[in-house]
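The values are calculated or read from the model by the stated rules, or taken from the named source; none is laboratory data. Keep in mind that this is a model prediction, so the values were computed, not measured. Note: ideal-geometry Cβ built from the backbone for every residue, glycine included; neighbour counts use all protein chains shown.
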Amino acid sequence: MAVEFRDYYEVLGVARDASQADVKKAFRKLARVHHPDVAKDKSTAEEKFKEINEAYEVLSDPEKRKKYDTLGANWNQQGGPPPSGGGYSSGPMPGGAEFQFDGTGFSDFFEQYFSGGGARRSAGFGGGGFPGQGGARRGQDIEGDLMVTLDEAFHGSMRTIALRKSDPRTGQVVTDEVQVRIPAGIGEGQRLRVPGHGGDGAGGGADGDLYLRVRMAAHPDFRVKGHDLFRDLELAPWEAVLGTTVAVNIPGGKSVQVKIPSGTGSGDQLRLKGYGLPKKGAPGDLYVEISIATPPSVDGEERVLWEKLRDVSKFKPRED
Amino acid sequence: MKMISPDPHETHPIEVVIRMTGSSRRKIVFYCGKGIVSPVRRDTDEGWHFDEESVIRLRHIEALRQQHRMNWAAIQTIIGLLDEVEALRAELRWRR
């Protein structure tokens, strides 16, 4: 099945030789503008946000980026890209059927070359497919990535997933659509099993299952680990030394007042209990990771005061 | 259109797992002994229960064994390497 090439560098607005730091910076800048929570035009924001995320998914991963660069260089040569080293039909599919998804949040291009950490693969080296009674053979399990936003992980959502199966021998394409409820509290790497929506069984065997592997969409402010969230918070040196109270944004566009104790250092973590993702029992926590920001330049009275502080302070950051 | 509500925390009794994976009770007990899978519940009345991840793993093992004719040593190596790849991939995504 033909797929359209995606220019991820263009999506993020970075040069092809951009550093990882520049890629991250560009992603954060764009994600803040197009994040569905803050965008003015909600109708187009979600699609744009997913497009940005897909580009970041590939360009932020050195292995995927290298593969993408190789693909890009060869895309228009002899009518298409080089073999992907395990695309759709890499598994021992009965009859060599090929699969494509819609509704996962990723483009067909991503699905074909980058899903599953390098290539679309069926769950488990052709998981399923084992013989049943009387020569019946269970259908292949199919696995695809499912992009889930932080908001979806908080509140759950409903997705229409379409699996297009094509038989290269006959050219026949069959589309299998199913609505899948994404439960609140779902986390990175978890798999959702959609029974009976994988490859077709043979000889009266049951159809395989469809597995949707959750890939959390990168958020400009929050990182997810299990059910806990992490975010950075920059403090001015005097705020860290003297302590203060600051408003910290939490998911959902709200904020909470957080007391910063005096003597807080770079790398310290403050735990906001229960502000993480929902979980059976108790929700996860939100960790605020502190870094001390310094003014880029000081002059005038400000400089005089810093110099005075240097002269009177007994603080020794090093033991020498 | 059909609506499905997958539950990633669903557990299955061993009889269902045998049906879902094409494995056998004896093999599953063996894999448990090797630490490859482990039951999430060991009810004395209702027997062993396994989660969805264990089902996927058992399907992997059965596919390697039946379709690719691998022996236990090869399966163990591949499962170990896959675990390592997944852990490294998760670490990479966390650091990005």
(message) I'm trying to understand the selection: among the residues of the stretch A:264-289, which are in contact with a strand residue (DSSP E or B) (Cβ under 6 Å, 6 or more places away or on another chain) and of a type outside the set (Gly, Ala, Ser)?
(response) A:THR264, A:ASP268, A:GLN269, A:LEU270, A:ARG271, A:LEU272, A:TYR275, A:ASP285, A:LEU286, A:TYR287, A:VAL288, A:GLU289
(message) So A:LYS40 passes all but one of these: (1) charged (D, E, K, R); (2) over 20 Å from A:MET147 (Cβ atoms); (3) within 13 Å of another protein chain (Cβ to nearest Cβ). Which condition number does it fail?
(response) (3)
(message) When you check A:THR244 against the structure, is it at pLDDT 95 or above, of a type in the set (S, T, N, Q) and in contact with a helix residue (DSSP H, G or I) (Cβ under 6 Å, 6 or more places away or on another chain), yes or no?
(response) no
(request) Report yes if B:ILE14 is at the interface with another protein chain (Cβ under 9 Å from one of its Cβ atoms) and in contact (Cβ under 8 Å) with a residue 12 or more places away in the chain, otherwise no. (result) no
(request) Sort through A:GLY253, A:GLY205, A:GLY243 and tell me the only one that's over 30 Å from A:LYS316 (Cα atoms) and in contact with a strand residue (DSSP E or B) (Cβ under 8 Å, 6 or more places away or on another chain). (result) A:GLY205
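Please specify each residue of the stretch A:261-298 satisfying the condition of being assigned to a loop (DSSP other than H, G, I, E, B) and of a type in the set (Ser, Thr, Tyr).
Result: A:SER262, A:THR264, A:SER266, A:TYR275, A:THR294, A:SER297.
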(request) Being within 25 Å of A:GLY185 (Cβ to Cβ) and of a type in the set (S, T, N, Q) is the filter; apply it to the stretch A:135-169 and report the residue that is surrounded by the fewest Cβ atoms within 10 Å (Cβ to Cβ). (result) A:THR160
(message) Would you confirm, using the coordinates I've provided, whether B:HIS60 is at the interface with chain A (Cβ under 10 Å from one of its Cβ atoms) and either surrounded by 19 or more Cβ atoms within 10 Å (Cβ to Cβ) or within 17 Å of B:VAL17 (Cα to Cα) (or both)?
(response) yes
(request) Identify, from the list A:SER89, A:SER60, the residue that is closer than 24 Å to A:GLY103 by Cβ, at pLDDT 90 or above and buried (at least 16 other Cβ atoms within 10 Å of the Cβ). (result) A:SER60
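Filter the helices (runs of 4 or more DSSP H) completely within chain B down to those with at least 2 residues that are farther than 30 Å from A:GLU63 by Cα.
Of the helices (runs of 4 or more DSSP H) lying wholly inside chain B, those with at least 2 residues that are farther than 30 Å from A:GLU63 by Cα span B:14-21, B:25-33.
Yes/no matrix, rows are residues, columns are (1) within 12 Å of another protein chain (Cβ to nearest Cβ); (2) touching a residue at least 24 places away in the same chain (Cβ under 8 Å); (3) of a type in the set (D, E, K, R):
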{"residue": "A:GLY189", "(1), (2), (3)": "yes, yes, no"}
{"residue": "A:GLY199", "(1), (2), (3)": "no, yes, no"}
{"residue": "A:GLY204", "(1), (2), (3)": "no, yes, no"}
{"residue": "A:GLY208", "(1), (2), (3)": "yes, yes, no"}
{"residue": "A:TYR211", "(1), (2), (3)": "yes, yes, no"}
{"residue": "A:VAL214", "(1), (2), (3)": "yes, yes, no"}
{"residue": "A:ASP221", "(1), (2), (3)": "no, yes, yes"}
(request) Report whether or not A:VAL258 is surrounded by fewer than 17 Cβ atoms within 10 Å (Cβ to Cβ), β-branched (Val, Ile, Thr) and assigned to a strand (DSSP E or B). (result) yes
(request) Count, please, the residues in the stretch A:12-51 that happen to be modelled with pLDDT of 95 or more and of a type in the set (Val, Ile, Thr). (result) 2
(message) So the check is Cβ under 8 Å with 6+ separation or different chains; which pairs have a first residue in the stretch A:280-309 that's closer than 23 Å to A:THR244 by Cβ and a second one that's in a helix (DSSP H, G or I) and among the aromatic types (Phe, Trp, Tyr)?
(response) A:VAL298/A:TRP306
